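The values are calculated or read from the model by the stated rules, or taken from the named source; none is laboratory data. Nothing here was measured: the structure is a model prediction, and the numbers come from that model. Every residue, glycine among them, receives a Cβ derived from its backbone with ideal geometry; neighbour counts consider all protein chains shown. These area figures cover heavy atoms from the full protein model, side chains too; ligands, DNA and RNA do not enter into them. Shrake-Rupley method; radii C 1.70, N 1.55, O 1.52, S 1.80 Å.
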Amino acid sequence: MAQKPSIPKGTRDFNPEQVAKRQYIFKTIQHVFETYGFQPIETPSFENSETLMGKYGDEGDRLIFKILNSGDYLSKVNDALYAEKDSTKMTSSISEKALRYDLTVPFARYVVQHQNDIEFPFKRYQMQPVWRADRPQKGRFREFNQCDADVVGSKSLWQEVEFVQLYDAVFSALQLKGVTIKINNRKILAGIAEVIGAQDKLIDFTVALDKLDKIGEEKVKEEMLGKGIPQAGIDKLQPLFSLSGTFEAQINNLKTILSISEEGLKGVEELEFINTAINTLKLKTAALQLDVTLARGLNYYTGAIFEVAAPKEVQMGSIGGGGRYDDLTGIFGLKDVSGVGISFGLDRIYLVLEELQLFPETVNKNIKVLFINFGDTEALYSLQAIQKLRAAGVNAELYPDAAKMKKQMNHANKRVIPYVVLVGVEEMEAQTYTLKNMVTGEQTQSSLDELIELVK
């Protein structure tokens, strides 16, 4: 008995309608990227393990898909190591490559490797799949697409301002109103860690804080205690958990809370600059919101950090995020190249647009005209017309077999093709075509030029 086919958990097949909708999102984002001056690049789906490992923190490293070496992958494992049966110790011997976890670290590798060919500041966009060995759930997949835009070679905060505008432009173009662009700054988080006496545990602090919206305040505090952050320090965090009000009001409160931290105040200053610029430039449909509990667990962020929340009526995780990294290329030997970038979560954006019924009806570019096949002579005559329809920008095709009329008509209905053309002996002799509207049932006799105008 044949095995029932299946796909791995966290991956998906896409039917024609879904692909058309995904391409609509891709094209919208791509158009805005290019409008803002970003250039496209692509990198391999897998990288050398050392390129990826150690760049995302312990939790990120655990989610990287490792690729077994080809051939006899156990040949490099010595007997003593094999006898231990400890797969973590064995990994470096049996796997030298891994699927990319995101597009940012491969981009940093690309910049360093091609630095002599790049004109800085370099604005690039990249739209490719990434892989994470995560637990699949709604809006969280093991294979998914990211759409990234980054600028490297400039420390200017105007780049952050432009990225806020870019987010707003994309979601406005998708008619997705009510999106919230949350912003924070890693310098503020470092300042908070300094104030509570946890400078040496900044990573533990930010990783725990980043889970606030997932596990709640009490669980975050428990995790911080478990990581060795003292209770007295955690108690000092209380004002942060309840910080609210306008962007300006939160900024003023932060100046008080971080008054003893030079680095923290620098972060406040940077956020104030971005907010002032956006207040002048205005956003179309999105809102910029300061969220001091926003941490984003990735270790490479050093300045502003972004996270985009869907409209409140949709239960969905973040649909975008990013931030400033002052020395990401330093891990590959190129020092002092600052960068900032953002990412769009295409798969989650798709789910949001679907739930809110925001996909345009025209997004699925279906065949518009189906020619009924009455035999080889009629088919050849029809194909000459199909050539001219296609040249005029009309999607048209011939049913491949001279099947019964009912079967061909049912095919058109199931594919929601709006027009059917019937060409028999009479039409061929008169050099005409019978056009049937599949919605109204109305039939029209026309010349080829008239036919093209009718269906266009």
Calculated FRET value between GLU50 and ALA430, using beta carbons and R₀ = 60 Å, to 0.05: 0.25
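Multiplying the sequence separation of ASP58 and LYS27 by 0.36 nm and subtracting their Cα-Cα distance, what value in nm do you get? Write out the running numbers ahead of the final one.
On the way: separation 31, 0.36 × 31 = 11.16 nm, distance 3.49 nm.
Gain on extension, ASP58 to LYS27, equals 7.7 nm.
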Accessible area of the chain belonging to carbon and sulfur atoms, whole % at 1.4 Å probe: 50 percent
Filter on LYS365/LYS456; LYS219/LYS312; LYS55/LYS182; LYS201/LYS312; LYS388/LYS456; LYS177/LYS456 - keep pairs with C-alpha separation over 22 Å: LYS219/LYS312; LYS55/LYS182; LYS201/LYS312; LYS177/LYS456
Residue (of LEU356, LEU212, PHE26) at the positive-pole extreme of the chain, dipole from beta-carbon charges: LEU356
Rough spin-label spacing in nm, given labels placed 7 Å along Cα→Cβ, for LYS219 and ALA249: 2.9 nm
Antiparallel bridge percentage (DSSP; both residues within the chain; nearest 5): 80 percent
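Just the number please: accessible area per residue for the range 262-415, 1.4 Å probe, all protein chains included, in Å².
Working: 7400 Å² over 154 residues.
Ligands and nucleic acids excluded, the figure is 48 Å² per residue.
How large is the charge dipole for the range 337-456, taken about the Cα centre, if only the Cβ atoms of Lys, Arg (+1) and Asp, Glu (-1) carry charge, to the nearest 20 debye? Mind showing how you got there, number by number?
Details: 12 positive and 15 negative charges, 72 e Å.
Taking the Cα centre of the range 337-456 as origin, the dipole is about 340 debye.
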Rounded to the nearest 10 Å², the accessible area of ILE215 at probe 1.4 Å: 70 Å²
Accessible area in square angstrom per residue, the range 1-88, 1.4 angstrom probe: 71 Å²
Eligible lysines near LYS9 by straight Cα distance, threshold 20 Å, same-chain separation 8 or greater: LYS66, LYS138
Rounded to 5, the percent of DSSP beta bridges in the range 305-456 classed as antiparallel: 75 percent
Where labels lie 7 Å past Cα in the beta-carbon direction, separation of TYR73 and GLU442 in nm: 6.3 nm
Residue-span extension gain [SER154 to THR91] - 0.36 nm each, minus C-alpha spacing: 18.9 nm
Spatially proximal aspartates and glutamates relative to LYS155 (Cα-Cα < 12 Å; intrachain offsets below 8 disregarded): GLU270, ASP326, ASP327, ASP336
Point-to-point label distance, ALA2-ALA402, nm (Cα→Cβ direction, 7 Å offset): 3.2 nm
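Given the -39500 (n - 2.57) contribution per DSSP H run of 4+ residues, what per-residue ellipticity at 222 nm results for the chain, rounded to the nearest 500 deg cm²/dmol? Walk me through the intermediate numbers first.
On the way: 20 runs with 193 residues, N = 456.
Rounded to the nearest 500, the figure is -12500 deg cm²/dmol.
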